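The values are calculated or read from the model by the stated rules, or taken from the named source; none is laboratory data. Computed from a prediction, not measured in an experiment: that's the story for all the values here. Backbone-built Cβ (ideal geometry, glycine too); neighbour counts: all protein chains shown.
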Amino acid sequence: MFSGAMTALVTPFSGGTIDEESFRRHINWQIEEGIDGIVPCGTTGESATLSHEEHRRVIDIAIDEAKGRVPVIAGTGSNNTAEAVDLTQYAKDAGADGALIITPYYNKPTLEGLYAHYKRIAAEASMPIVVYNVPSRTAVNLVPSVVKELSKIPEVVGIKEASGDLCQVSQIVELCGEDFDVISGDDATVLPLISVGGKGVISVVSNVAPADMSALCASANAGDMLKAKALHFKLAPLARAMFLEVNPVPVKMALGMMGRLDFSVRMPLCPLTEASEAELRAELNRYGLI
């Protein structure tokens with residue numbers, strides 16, 4: 001259902017509020033550059049600092065601006081199952097094509113609890129769901145055997161896999177089959193993931209280089225591994241620069257340097273150190289983005 005390069009959208013701010021004009025402009029640029037889908041209200045969108053009203057507004061803007069040109073997969077996760085149900089139902093009613101739902105963070109549920117969490121969301125807010133596994137942020141790992149059981153729930157159509165464990169990714173593809181969308185959550189693993197049967201990426205770096213990430217996924221999915229490999233190594237240093245410090249600070253600062261939005265993040269995030277800022281600027285220069 002979902003494949004190719006999908007951008008984990010930043011949420012632009014101005015004066016402490018959502019900068020709707022910049023957000024709409026950013027979405028249109030992404031689509032014009034060939035991106036295959038957009039994902040508002042994920043980690044890169046600073047969802048943890050959005051009020052519920054702002055969260056819903058960001059989803060609404062993304063759906064309205066996409067105008068059906070590409071799928072919109074709305075971030076609707078929470079460590080509170082009832083809250084995740086409410087956000088997912090809102091995204092469904094608003095017209096989103098899918099929901100990206102992170103594993104509950106901080107609570108550290110058991111594997112049985114993780115399964116029950118997704119099963120309840122699917123039952124109460126039925127729409128295409130991409131589960132999101134990112135142990136470095138949540139302290140829990142959605143293991144392949146549980147993903148296999150989740151894949152039997154009709155609403156659960158895929159997983160955004162950001163464990164960094166390619167053996168785990170390969171096993172998920174093996175257990176769940178080709179109809180289940182295994183999507184990279186890490187720009188560094190896009191090509192290896194597609195090579196074992198994955199479908200694409202929900203990307204941070206595509207905020208600044210959408211055309212190249214889209215071309216990488218298209219080439220890999222078409223079997224042109226020489227072109228895909230060249231793009232992988234072209235993007236690799238830029239992707240690393242997006243994580244000089246915690247995401248989304250580097251990518252938002254990069255977009256500011258590119259003149260695409262005014263740099264602003266919400267506390268407790270803060271601007272890059274001088275050393276990281278200089279390194280980021282040097283990489284953007286090398287890539288030809290500034």
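Numbers at a glance
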{"read-out": "Output for the stretch 245-278, where each listed residue is assigned to a helix (DSSP H, G or I) and crowded, with 16+ Cβ neighbours inside 10 Å", "value": "VAL249, PRO250, VAL251, LYS252, MET253, ALA254, LEU255, MET257, SER276, GLU277"}
{"read-out": "Residues that are touching a residue at least 60 places away in the same chain (Cβ under 8 Å) and of a type in the set (S, T, N, Q), drawn from the stretch 1-22", "value": "SER3, THR7, SER14, SER22"}
{"read-out": "Considering residues of the stretch 89-137 that are of a type in the set (Val, Ile, Thr) and outside any helix (DSSP H, G or I) only, the residue farthest from VAL201 (Cα to Cα)", "value": "THR110"}
{"read-out": "Residues that are crowded, with 17+ Cβ neighbours inside 10 Å, touching a residue at least 40 places away in the same chain (Cβ under 8 Å) and of a type in the set (Ser, Thr, Tyr), drawn from the stretch 23-65", "value": "THR43, THR44"}
{"read-out": "Some residue of the stretch 201-210 being surrounded by fewer than 24 Cβ atoms within 10 Å (Cβ to Cβ), more than 21 Å from ARG24 (Cβ to Cβ) and free of Cβ contacts under 8 Å to residues at least 60 places away in the same chain", "value": "no"}
{"read-out": "Set ILE183, ILE194: member being free of Cβ contacts under 8 Å to residues at least 60 places away in the same chain, outside any loop (DSSP other than H, G, I, E, B) and surrounded by 21 or more Cβ atoms within 10 Å (Cβ to Cβ)", "value": "ILE194"}
{"read-out": "Residue check, GLY45 over 19 Å from MET127 (Cα atoms) and at pLDDT below 95", "value": "no"}
{"read-out": "Residue among ILE159, ILE153, ILE121 that is among the β-branched types (Val, Ile, Thr) and surrounded by fewer than 18 Cβ atoms within 10 Å (Cβ to Cβ)", "value": "ILE153"}
